[in-house]
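I have placed the structure first, in the form of structure tokens, so that the comments after it can refer back to it.
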Amino acid sequence: MRHPFRTLLLLACFSVQAACQSAAARTASDVREPQTSVSTAAVLPPPTLIVLITIDQFRGDYLDRFGPQLHGGLARLSRGGAWFANAHHDHAITETAPGHATLLAGRFPRSTGIMANRIGVEDAAPLLGEPTGLGASPKRFQGTTLVDWLRAKDPRSRALSVSMKDRGAILPVGRSVSDVYWYFPDGRFTTSTYYRAALPDWVNAFNARKMPQSVAGKSWTLLLPDSAYKEADSVSIEAGGRNFLFPHPFPTDSVAAASAIRVSPWIDEITLDFALDGLNSLALGDSSRTDVLAISLSATDYIGHSFGPDSREAHDNVLRLDRNLGVFFDSLFKLRDSTRIAIALSADHGVGTIPELAPASVQPRPVRVDAAALAAILRREVAAQGIDSTLVAYDAQTVLADRSSVKMNTATLDRALDDFSREARKVPGVSRVDRFRDLLHADTVHDAIARRWVHQFPANSNVQLVITLTPFSIFSGIVATHGSPRDYDSNVPLVFAGPWFAPGRYTEFVRTVDLAPTLAAVAGVKPSENLDGVVLRRALR
Ligand SMILES: [Zn+2]
């Protein structure tokens, strides 16, 4: 049987080892040499507020695809900002936790320590108001973020980070003890004891308004007339074959509705309202210091997983998100001087189309790969070499083993890994099985998949093998998902707006690790450690 706790232990091991990564290993595989010095010679005064908007599972092509129907906040940013249309999370496991951890850190997962959702934010630090449930904290995040660099310059700098998801709120601001809140599915925003002992009055007051509960008995209907949506609504593979047609009714019970709202555009509307309340209450951006407001909007991810990226639901959600962001910016610019606000928009990852709906041109045909079958092959090959099965773990895209264990005979381990690799490559949907240590010496300029794996784990990690599926093949039975090193999962928007930036559409290849150093440059602060990203000078005036 599988050993989940052993897997977690092994993952935790390479998490710790991330701190040991040498600077040489960090730069060896990079397309460009990281730029570690940041100009502070900004002509304009630094912003008083930096707003980071991260849209969970917002693929790079969405701004173009829905562009003609966008008239709100997404339209304002993409038409008036510096829009990098070929930006990528240049790492392999394109999941929520690694993606969010990268954005304000300017470093790849191998360096932030957040190498997979599984490493994430789960922790003993209890949630306020939920003392018995699983808690959350950034304790496995390593290093610093823009928030720390700002505070090194001016300790008065404040940060508020909000999201429906705990990891979407926690990881952008790293280990900083800031105002960090996320949504508990009974209808409240909360935080954990890592951040504070009690909720502030403004959060309690917001929760008392019971906005999520208010959708009970209502329905999600289309924003525009039917003819505005070219997608068929009657795609029965969506939502597992249940409730895949508009309108989508919310439960009449208010507690159930507060949970169901997470798979609807209204959770983002409420999260944006909550962020504005926090901005007011914390007086963010009202003085000469630079504050940070990080907002991660999660509905796109939940809707994408349930209905797929090509669904009418995904389309309508983006239209509503655009309008909600428009209202948000209108409100923000009434409260604060827009000429002192720098805005960045990005996403934590993209998404692949539903495997069964991939275009006929995709060959080999995408499949759903049975992870249990791969795990069984590994168990068989490990047993055939007489290796203690608790020393080797399988985790979907990786095979882990601690080569330094005194119980480990590395020659027999290598035989087992070779035998597993040969058999795994025969499994439909498996494209590549690579030795991680071989990828460290691969041509990472021309082999993007190798490069993304190298950016995922420290060179001395316990990862022995990495498994890459064929395009649009996925591991799980979920309707649609992300997590691969393929471009549809890695490509996300990267947009900067505000007086510091030169508007336009930029098509060169850039990386999401460039977001943090670029914001640091306009804020006139110096990162306190080596980064993987560079300042996107073309975007600056
Ligand atoms: Zn997701």
Scanning the stretch 464-480 for residues that are within 15 Å of the ligand (Cβ to nearest atom) and not aliphatic (A, V, I, L, M), which turns out most open to solvent (accessible area, probe 1.4 Å)? G477
Out of G285, G304, report the one residue that is within 16 Å of the ligand (Cβ to nearest atom) and crowded, with 23+ Cβ neighbours inside 10 Å. G304
Within the stretch 291-301, how many residues are touching an Asp or Glu at 6+ places or on another chain (Cβ under 7 Å) and away from the ligand (no atom under 11 Å from the Cβ)? 3
Flag if V399 is closer than 30 Å to T512 by Cβ, touching a strand residue (DSSP E or B) at 6+ places or on another chain (Cβ under 7 Å), of a type in the set (V, I, T) and crowded, with 21+ Cβ neighbours inside 10 Å: yes
Select from the stretch 160-177 the residues that are within 20 Å of G106 (Cβ to Cβ) and open to solvent by 10 Å² or more (accessible area, probe 1.4 Å) and write down the one among them that is farthest from the chain's Cα centre (by Cα). R175
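A quick yes/no check of all residues on (1) open to solvent by 10 Å² or more (accessible area, probe 1.4 Å); (2) within 30 Å of D291 (Cα to Cα); (3) in contact with a strand residue (DSSP E or B) (Cβ under 7 Å, 6 or more places away or on another chain):
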site: A442; (1), (2), (3): yes, no, no
site: W500; (1), (2), (3): yes, yes, yes
site: P517; (1), (2), (3): no, yes, no
site: V522; (1), (2), (3): no, yes, yes
Cβ pairs under 6 Å, 6+ apart or interchain, first in the stretch 53-69 and open to solvent by 10 Å² or more (accessible area, probe 1.4 Å), second modelled with pLDDT of 95 or more and within 13 Å of the ligand (Cβ to nearest atom), ordered by first then second residue, are R59/G350; R59/V351
Among the residues of the stretch 216-231, write down those that are touching a residue at least 60 places away in the same chain (Cβ under 8 Å), open to solvent by 20 Å² or more (accessible area, probe 1.4 Å) and either in a helix (DSSP H, G or I) or under 17 Å from A480 (Cα atoms) (or both). A228
If I filter the stretch 340-349 for residues that are crowded, with 23+ Cβ neighbours inside 10 Å, modelled with pLDDT of 95 or more, within 16 Å of the ligand (Cβ to nearest atom) and of a type in the set (V, I, T), do I get at least one hit? no
Based on this model, can you work out whether R196 counts as open to solvent by 10 Å² or more (accessible area, probe 1.4 Å), in contact with a strand residue (DSSP E or B) (Cβ under 6 Å, 6 or more places away or on another chain) and more than 20 Å from G106 (Cβ to Cβ)? no
Going residue by residue through the stretch 255-266, is there one that turns out to be within 16 Å of the ligand (Cβ to nearest atom), on the phi < 0 side of the Ramachandran plot, assigned to a helix (DSSP H, G or I) and buried (at least 21 other Cβ atoms within 10 Å of the Cβ)? yes
Which of the following residues is away from the ligand (no atom under 14 Å from the Cβ) and assigned to a loop (DSSP other than H, G, I, E, B): P499, P517? P499
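Yes/no per residue for (1) at pLDDT 95 or above; (2) open to solvent by 40 Å² or more (accessible area, probe 1.4 Å); (3) away from the ligand (no atom under 16 Å from the Cβ):
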{"residue": "A424", "(1), (2), (3)": "yes, no, yes"}
{"residue": "L439", "(1), (2), (3)": "yes, no, yes"}
{"residue": "V445", "(1), (2), (3)": "yes, yes, yes"}
{"residue": "V454", "(1), (2), (3)": "yes, no, yes"}
{"residue": "A459", "(1), (2), (3)": "yes, yes, yes"}
{"residue": "N462", "(1), (2), (3)": "yes, no, yes"}
{"residue": "H482", "(1), (2), (3)": "yes, no, no"}
{"residue": "D489", "(1), (2), (3)": "yes, no, no"}
Tell me, yes or no, whether the stretch 96-110 has at least one residue that is within 15 Å of the ligand (Cβ to nearest atom) and either among the hydroxyl-bearing types (S, T, Y) or not in a helix (DSSP H, G or I) (or both). yes
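The values are calculated or read from the model by the stated rules, or taken from the named source; none is laboratory data. Computed from a predicted model, the values in this text were never measured in an experiment. All Cβ positions, glycine included, derive from the backbone under ideal geometry; neighbour counts span all protein chains shown. Accessible surface is based on the protein model in full, side chains and every heavy atom, while ligands, DNA and RNA are left aside. Shrake-Rupley method; radii C 1.70, N 1.55, O 1.52, S 1.80 Å.
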